[in-house]
Amino acid sequence: QVQLVESGGGLVQAGGSLRLSCAASGRSFSRNTMGWFRQAPGKEREFLAAVSWRGDSTNYADSVKGRFTISRDNVKSTVYLQMNSLKPEDTANYYCAFRWGDYVFRYDYEYWGQGTQVTVSS
């Protein structure tokens, strides 16, 4: 069992930045993949980014490529999402996800956080 807790969401003006964090607890010290998704009201959950357990491979959605950066710190069992040049359409609930194994190009995650709200004002 793995528990994920996101933090760092909030209200930001368009063009601003936020840094989200997701701390994993439990048996999170083995090889794993961590990623970020978001879901806006009335829309499907959208994949954003994933990072391999060594941090040497990443996968980004086209909608955030060049603006968002995913990274991880395995000592802290934490994954980060640096979000720059935020747009109103980035407004959503952002979720951290975890799966055992090292597969940044797969999307079948096993564990999910409760989400953190990001609101971008115009």
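Brief remarks follow.
- Flag for G42 being free of Cβ contacts under 8 Å to residues at least 60 places away in the same chain and either closer than 21 Å to S122 by Cα or of a type in the set (S, T, Y) (or both): yes
- Residues of the range 66-114 classified as within 15 Å of the chain's Cα centre (by Cα), of a type in the set (D, E) and open to solvent by 10 Å² or more (accessible area, probe 1.4 Å), total: 3
- Residue within the range 13-21 that is over 15 Å from T119 (Cα atoms), touching a residue at least 24 places away in the same chain (Cβ under 8 Å) and not basic (K, R) present: yes
- Test for T119: is it closer than 20 Å to V12 by Cα, modelled with pLDDT of 95 or more, in a strand (DSSP E or B) and polar (S, T, N, Q): yes
- When C22 is tested against the conditions (1) open to solvent by 60 Å² or more (accessible area, probe 1.4 Å); (2) under 17 Å from K76 (Cα atoms), the lone failure is (1).
- Residue check, G55 more than 13 Å from N32 (Cα to Cα), open to solvent by 20 Å² or more (accessible area, probe 1.4 Å) and over 11 Å from the mean Cα position of the chain (by Cα): no
- Figure legend. Inter-residue proximity from the range 85-112: first residues modelled with pLDDT of 95 or more, second residues acidic (D, E) and in a strand (DSSP E or B), beta-carbon distance below 9 Å, spacing 6+ or different chains. Indicated pairs: A92/E46; Y94/E6; Y95/E6; C96/E6.
The values are calculated or read from the model by the stated rules, or taken from the named source; none is laboratory data. Just so it is clear, the structure is predicted and the values come from calculations on it, not from any experiment. For neighbour counting, all protein chains shown are included, and Cβ atoms are generated from backbone atoms with ideal geometry for every residue, glycine included. The area values use the complete protein model at the heavy-atom level, side chains included, leaving out ligands, DNA and RNA. Shrake-Rupley method; radii C 1.70, N 1.55, O 1.52, S 1.80 Å.
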